[in-house]
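The values are calculated or read from the model by the stated rules, or taken from the named source; none is laboratory data. Nothing here was measured: the structure is a model prediction, and the numbers come from that model. Every residue, glycine as well, gets a Cβ built from its backbone with ideal geometry; the counts of neighbours run over all protein chains shown.
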Ligand code: AHR
């Protein structure tokens, strides 16, 4: 007999959501604050390599397991001239970055980014400026990076030390063009037409490019859903994905709602899927548009937990958006990863925003060390063990009431089956802040029969975090007591915890 306060679900390899696209574990490098400068790129650092990249940071990025890396923005891209960032460094101009009110030195640009991506084993996801620029400049960038040679632009790349084309396949058609804060902000009609024209032209150069149109910069935007519908009416047949962005943060005295943030993420995804399929039906198209959740994270944009903002404008690589994440943040973050995996059939790309220093899992000190934030651990575990087929998990869980989302399950979970080994990994979050949650998983025909590992992220202090002074204050620990008997996994999830249970 198990206690009534028990969460349960059944796994059956015949019931699946879909295959995980490795690009679900993507990230984002924007010219913002210290993400690039003194984050990944610091030529004077003792650990810098021949390209000025910090090898300590490269190692952490490999450990994190990021795949697609989006660049160079973000809001930054909407006033960016890519030509400024290529060629001899001494000739590169200093420019105003209107998005973040800083000075961009252009010491790091497209070619440096591609070298960086290669070193960490990722795939470049390049955004073009559709704010202050348009079709012509997007084509010029595409030709510069991808054409083999024999034209002015491709020969210019070779003269800049890169004779081989970069082969960038994945492109974002602008960034958050629905947002009034965006340089060159547009209406859905204006953007939809521009995205379609740009996509058509880029496909004339290379029919195999993979293109992402801008969706809404958040589900709370007034134009949400009508924006997606209008944009897709213009470019449905020309693009492959529509983007989603969302950020969460703990609002004062409402930790229970914060812990349930993924309820909102899942609803957002389902509404965008419905909108895409509505347009597809209206156009009588057999094609399916997928989702690129290319900015997601926790971000303290204001309030007592927000990172301090420098009082000077137009500085070079100032400390911006350097949020310090707690264990509570990491549990919510893990739940957001679960939400993405639970929709892996349609969310084919996702980018954690961002990678280093700026709302990031990795922090650095100029001239000093690099360390892992609390959110590093759920991402690394999900990227390592979340590859394969997502099984259809329908939980039967005790519930509680939250101010923002009403009644929610205390358990949030998914499971991924590795098709080669047959192993299954369960990812589970217990949203209950004070009580442990017993979990029973009927393993059905999965063939797994023993627990290989149970990794837990939780802490007696919900506000514990890693800092320069104490970089390993929070690390995952081994869970106790998980076991399989009679085809059922029984495990107790600690209060407010993120759990990775690997079964073989
Ligand atoms: O990731 C930080 C910013 O958030 C990006 O520049 C922008 O696209 C979004 O609003």
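Tabulated data
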| quantity | calculated |
| --- | --- |
| Residues located in segment 55-74, provided they are within 29 Å of residue 292 (Cα to Cα), in contact (Cβ under 8 Å) with a residue 40 or more places away in the chain, more than 16 Å from the ligand (Cβ to nearest atom) and not in a loop (DSSP other than H, G, I, E, B) | 57, 58, 60, 61, 62, 63, 64 |
| Among (1) surrounded by fewer than 17 Cβ atoms within 10 Å (Cβ to Cβ); (2) within 18 Å of residue 340 (Cβ to Cβ), the one test that residue 276 misses | (1) |
| Residue under evaluation residue 103, criteria (1) crowded, with 23+ Cβ neighbours inside 10 Å; (2) under 30 Å from residue 186 (Cβ atoms); (3) in contact with a strand residue (DSSP E or B) (Cβ under 7 Å, 6 or more places away or on another chain), criterion not met | (1) |
| Filter result (in a strand (DSSP E or B) and within 16 Å of the ligand (Cβ to nearest atom)) within segment 1-36 | 26, 27, 28 |
| Cβ pairs under 8 Å, 6+ apart, first in segment 217-229 and outside the structural domain of residue 248 (by TED's automatic domain parsing), second assigned to a loop (DSSP other than H, G, I, E, B) and at pLDDT below 95 | none |
| Among (1) more than 20 Å from the chain's Cα centre (by Cα); (2) buried (at least 18 other Cβ atoms within 10 Å of the Cβ); (3) more than 16 Å from the ligand (Cβ to nearest atom) - the single one residue 289 does not satisfy | (1) |
| Selection count, segment 344-367, where residues are in a loop (DSSP other than H, G, I, E, B) and either crowded, with 23+ Cβ neighbours inside 10 Å or within 16 Å of the ligand (Cβ to nearest atom) (or both) | 7 |
| Qualifying position, being within 20 Å of residue 348 (Cβ to Cβ), away from the ligand (no atom under 15 Å from the Cβ) and surrounded by fewer than 24 Cβ atoms within 10 Å (Cβ to Cβ), among 254, 240, 264 | 240 |
| Test: residue in segment 156-167 that is more than 30 Å from residue 410 (Cα to Cα), within 16 Å of the ligand (Cβ to nearest atom) and not in a helix (DSSP H, G or I) | no |
| Any strands (runs of 3 or more DSSP E) falling wholly within segment 388-504 and containing at least 3 residues that are surrounded by fewer than 21 Cβ atoms within 10 Å (Cβ to Cβ) | 399-402, 406-409, 437-442, 451-457, 483-485, 488-493 |
| Subset of segment 168-181 [more than 18 Å from residue 23 (Cβ to Cβ), touching a residue at least 12 places away in the same chain (Cβ under 8 Å) and surrounded by fewer than 22 Cβ atoms within 10 Å (Cβ to Cβ)] | 179, 181 |
| Residue list for segment 148-166, filter: in contact (Cβ under 8 Å) with a residue 40 or more places away in the chain and surrounded by 15 or more Cβ atoms within 10 Å (Cβ to Cβ) | 156, 157, 160, 162, 166 |
| Test: residue in segment 132-144 that is surrounded by fewer than 19 Cβ atoms within 10 Å (Cβ to Cβ), more than 15 Å from the ligand (Cβ to nearest atom) and part of a loop (DSSP other than H, G, I, E, B) | yes |
| Test: residue 300 is crowded, with 19+ Cβ neighbours inside 10 Å, within 16 Å of the ligand (Cβ to nearest atom) and farther than 24 Å from residue 127 by Cβ | yes |
| Considering residues of segment 106-127 that are in contact with a strand residue (DSSP E or B) (Cβ under 6 Å, 6 or more places away or on another chain) and not in a helix (DSSP H, G or I) only, the residue farthest from the ligand (Cβ to nearest atom) | 123 |
| Within segment 37-53, considering residues that are in a strand (DSSP E or B) and in contact with a helix residue (DSSP H, G or I) (Cβ under 9 Å, 6 or more places away or on another chain), the one nearest to the ligand (Cβ to nearest atom) | 41 |
| Those residues of segment 75-101 which are more than 16 Å from the ligand (Cβ to nearest atom) and in a helix (DSSP H, G or I), in sequence order | 82, 83, 84, 85, 89, 90, 91 |
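Residues are listed down the side, and each one gets a yes or a no for (1) crowded, with 21+ Cβ neighbours inside 10 Å; (2) within 27 Å of residue 460 (Cβ to Cβ):
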residue: 308; (1), (2): no, no
residue: 317; (1), (2): yes, no
residue: 371; (1), (2): no, yes
residue: 382; (1), (2): yes, yes
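One line per residue, one yes/no per condition, for (1) buried (at least 22 other Cβ atoms within 10 Å of the Cβ); (2) more than 24 Å from residue 133 (Cβ to Cβ); (3) within 16 Å of the ligand (Cβ to nearest atom):
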{"site": "190", "(1), (2), (3)": "no, no, no"}
{"site": "198", "(1), (2), (3)": "yes, no, no"}
{"site": "215", "(1), (2), (3)": "yes, no, yes"}
{"site": "227", "(1), (2), (3)": "yes, no, yes"}
